[in-house]
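S.K.: Structure below; questions to follow.
Just so it is clear, none of the values below were taken in a lab; they were calculated from the coordinates. Keep in mind the model is a prediction, meaning the values are calculated, not measured. Here the Cβ is made from the backbone with ideal geometry for all residues, glycine too, and neighbour counts use every protein chain on show.
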Amino acid sequence: MENRIKRFILAIGLINSLFIHNSFAADDAVQVVEPQLDRRTIKPDKIDTENFEIGLYAGMISIEDFDTSTLLGVRAAYHITEDFFFELGYGESEGGLTSFEELSGSSPLFTDEDREYSYYDLSLGWNILPGEVFIFDKYAFNSSLYLLGGVGNTTFAGDEWFTVNIGAGFRLLLTDAIAWHIGVRDHIFDRDTLGEEEATHNIEFNTGFTVFF
Amino acid sequence: MKQTLMARAKYYCSALLISACLVGTSTTATADDDAIIASVGAVFIELRTGPGRGYPIVDIAERGEKIEILKQRTDWIKIRTSDDSEGWVRTGDIAETLDEQGQALSENIRQLQPRSNTSPQQGDWEIGVMLGDYGGTDAISVYTDYHFTNNLAIELAASDNFGNFSSGQYVVASIMHQPFPQWSYSPFISLGGGVRKTNPRSNLVETEDRTDNILVAGIGMRTILYNRFVLRVQYNHHTVLTSRDDDIEVEEWKIGLSALF
């Protein structure tokens, strides 16, 4: 009972204090001097950045012991500074017959599924020779020769292999946002598919287009 | 084989079309609505033909001249001057230009603010690549962080490891805390969970691929190498929650490079 009365009185006090406060505030609202201040407008401006690059490429890859095949891939890059960029590449191809399989004429040693070759690379690129390319009198394009190196995964012959890649490429910017690439790359991994473990070099030539966004 | 390649080519072409559409819509949305106009604050700024230190200077914009800011690539900004010539200027040169209210542009635009300290700032993204050892096998991982504050970040990491008996992948989401972000060698701890897939090697007796949940606790150190490059060393302790009687404990060491943006 006592508690209830206490609460009631407190509530009245609280409501009163609110009203009193409001009435004081209303009195203060009359301003003698208008402040001559420009309101600062905070605009959430953002400059459109174009540091990401994404695109497709096609080429040929010489899969060691397994012939040379067509290759298709996607690449995405993030440009950190004018000198360096990260690149993620993913490519797919299919190994052909080994020399042994072709010469012996016997049934193939690997299934079609095992011949599927795919890889991804995580690389750091260095625009070592940036410049301009002039075509006839009329055209000048920005360009760059870059070196790439990184690590990745190759899936081949039913297994996954830790792969080191090194390469170089040439990028020609047709506009600010569209680039043409041409490049070579060596995918190096140790493979024991044919019994003994051996380092294999799988050299790729590719060309493709990318878009900056 | 020809047919599968054709099918793949189609698949890749459609992927390109979709990405081109996405890129197209995103650029038109930003280009039209809010063109950023500013007036040059420095005595003059130099316009180059490309976003790099070596490209020739072809024009200048003088103090007070109105310029339109078009886009940014790495540390360079493309502008259009009042007489319609376009060129690339350094981000640092643009920071001094003034907006319509007479304030330095860098006050409103975070991208123009100089990076004074080395720690990640609120709202920064980070992407990186790491290389190391996962329970005695070679491992590579890629990760992306979002920094809520300069202490706290969330991270999504994916990793691939290559052993003599099995290979595997994991994906882990974690929370990362840097108690002393202002230190030039800043320590951090992380805690997360995810999924791991283990694929035994094909030359072993036929065994099934397994998928297990994992818990990961980590500790590490990070430092800025240069500009926005971060070097990071990390130790993770993984607990693989297998369907067998015992959980598996795996230790992981790795070192990597990342970029803040």
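S.K.: Suppose each label sits 7 Å from its Cα in the direction of the beta carbon; what would the residue B:235-residue B:58 distance come out to in nanometres?
M.R.: If labels sit at residue B:235 and residue B:58, their model points lie 5.6 nm apart.
S.K.: Moving on to the next point. For the range A:148-213, which GluC sites (Glu not before Pro) are in a loop by DSSP, counting at most 14 other Cβ atoms within 10 Å?
M.R.: Answer by residue number: A:196, A:197.
S.K.: Roughly how far apart, in whole Å, are the Cα centres of the range B:31-85 and the range A:178-206?
M.R.: Taking the Cα centre of the range A:178-206 as reference, the centre of the range B:31-85 is 43 Å away.
S.K.: Now for a separate question. Calculate, in nm to one decimal, what residue A:186 and residue A:135 gain on full extension: separation in residues at 0.36 nm each, minus their alpha carbon distance.
M.R.: 15.3 nm
S.K.: Here is a follow-up. Quick one: order A:6, A:46, B:78 by neighbouring beta-carbon count within 10 Å, fewest to most.
M.R.: Numbers: A:6 10, A:46 14, B:78 22.
Ascending Cβ contact count within 10 Å gives the list A:6, A:46, B:78.
S.K.: Which whole number gives the average, over all residues in A:82-89, of C-beta atoms from other chains lying within 10 Å of the residue C-beta?
M.R.: Partner-chain Cβ atoms within 10 Å, mean over residues of A:82-89: 4.
S.K.: Further question: Please report, in Å, the Rg and the Dmax of the range B:200-261, where both are computed over Cα atoms only.
M.R.: Values for the range B:200-261 (Cα only, Rg and Dmax): 17.0, 51 Å.
S.K.: Related question: Return the loop-located GluC sites (Glu not before Pro) in the range B:119-213 (DSSP other than H, G, I, E, B) with at most 14 other Cβ atoms within 10 Å of their own Cβ; answer none if there are none.
M.R.: Here the sparse-neighbourhood loop sites are B:206, B:208.
S.K.: Report, by chain and number, residues whose modeled amide H sits under 5 Å from the one on residue B:150, excluding near sequence neighbours (fewer than 5 apart, same chain).
M.R.: B:122
S.K.: Counting partner chain Cβ atoms within 10 Å of every residue's Cβ in B:69-76, what's the average?
M.R.: 6
S.K.: Turning to a different aspect of this structure: Fewest to most neighbouring Cβ within 10 Å: what's the order for A:32, B:233? Before the final figure, lay out the partial values.
M.R.: Details: A:32 4, B:233 16.
So the residues, fewest neighbours to most, are A:32, B:233.
S.K.: Counting only other chains, what is the mean number of Cβ atoms within 10 angstrom of the Cβ of each residue in peptide B:45-52?
M.R.: For this peptide, the per-residue mean of nearby foreign Cβ atoms is 4.
S.K.: Would you order A:190, A:83 from fewest to most other beta-carbon atoms within 10 Å of each residue's own beta-carbon?
M.R.: Least to most surrounded, the residues fall as A:190, A:83.
S.K.: Please compute the modelled spin-label separation between residue B:146 and residue B:215, points set 7 Å along Cα→Cβ, answer in nm with one decimal.
M.R.: 2.6 nm
S.K.: Under 1.5 on a/c is rounded, so check that first for the range B:36-112, then, if it is not, pick prolate when a/b is larger than b/c and oblate when it is not; a ≥ b ≥ c are the square roots of the alpha carbon gyration tensor eigenvalues.
M.R.: Oblate shape, in that a/c is at least 1.5 and b/c is the bigger or equal ratio.
S.K.: Starting at the first residue of the range B:255-261, write each ³J(HN,Hα) from the Karplus equation 6.51 cos²θ - 1.76 cosθ + 1.60 with θ = phi - 60°, in whole Hz, x for Gly and Pro.
M.R.: Calculated HN-Hα couplings, in order: 9, x, 10, 9, 10, 8, 8 Hz.
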